[in-house]
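Data first, discussion second: the structure below is written as structure tokens.
Derivation of every value follows stated rules applied to the coordinates shown; laboratory data play no part. Predicted model, so just to flag it, every value in this text is computed and none were measured. Cβ sites come from the backbone with ideal geometry, for glycine too, and all protein chains shown count toward neighbours.
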Ligand SMILES: C[S@@+](CC[C@H](N)C(=O)[O-])C[C@H]1O[C@@H](n2cnc3c(N)ncnc32)[C@H](O)[C@@H]1O
């Protein structure tokens, strides 16, 4: 069963010190996915795919699709194995740094209505610059993980928000690991 697979994957990541979303952030992620029922989802920073499986399995029943980017090739290879075990067929995984590859613009999905960002904190603003033309103009939700623990690294994020006059909410998650929510930017 998928929940058993996720429990084992969380335990294995914790034992190997592979970063993944906290259980509290997972609850928030699931809550937004259930509430907004997005179809075209984008993730930046999939590591070995824990959060990707959470997103993909939640949106699968409504015909949703997840496109996700992971720059570290060993993590990408492990994610591919996890893809087979989790039997999630609604994910496309790219082994790219989303800020660097020139081919990114060709593979970024259009009209994204849900984005989960959990990669390098100092690049959060660059990610938003990269994707904001690919957001759905009708409805979009962006969740950014870990915005309190790493608040000293978030200059690019706050510059982007200020430049574009974007309001935000920050929700409590695990201690120090809070999530920023942007709606309809
Ligand atoms: C905190 S981990 C992601 C954990 C994952 N979201 C989960 O909960 O299972 C952050 C990941 O972002 C990746 N990353 C960092 N910068 C990136 C970039 N520019 N493009 C794509 N992936 C990136 C790192 O290699 C790392 O595996």
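Computed over the chain, relative contact order equals 20 percent, with contacts defined as Cα pairs under 8 Å that lie 6+ residues apart. In the distance distribution for the chain, Cα-Cα pairs more than 30 Å apart total 11 percent. The angle between the Cα long axis of helix 50-60 and the longest principal axis of the Cα atoms of the chain comes to about 90 degrees, rounded to the nearest 10. Compared with the dominant Cα axis of the chain, that is its longest principal axis, helix 73-86 is turned about 60°.
The label point for residue 80 and the one for residue 163, both projected 7 Å from the Cα toward the Cβ, are 3.5 nm apart. Each of 180, 1 was scored by other Cβ atoms within 10 Å of its Cβ. Arranged with the fewest first, they read 1, 180.
Ranked by how many other Cβ atoms sit within 10 Å of their own Cβ, fewest first, the residues 73, 124, 50 fall in the order 73, 50, 124. Rounded to the nearest 500 deg cm²/dmol, what is the calculated helix-only ellipticity per residue at 222 nm for the chain, with -39500 (n - 2.57) per DSSP H run of length n ≥ 4? Theoretical 222 nm ellipticity from helices: -12000 deg cm²/dmol. The length gained by stretching the chain between residue 3 and residue 171 to full extension, at 0.36 nm per residue less their Cα-Cα distance, is 58.0 nm. For the chain, the longest principal axis of the Cα atoms and the long axis of helix 23-36 meet at an angle of about 70 degrees. By other beta-carbon atoms within 10 Å, ranking 68, 103, 58 with the fewest at the front produces 103, 58, 68.
The slack in the chain from residue 61 to residue 129, taken as 0.36 nm per residue of separation less the alpha-carbon distance, amounts to 21.4 nm.
Distance between the C-alpha centres of the stretch 149-185 and the stretch 56-134: 20 Å, rounded to the whole angstrom.
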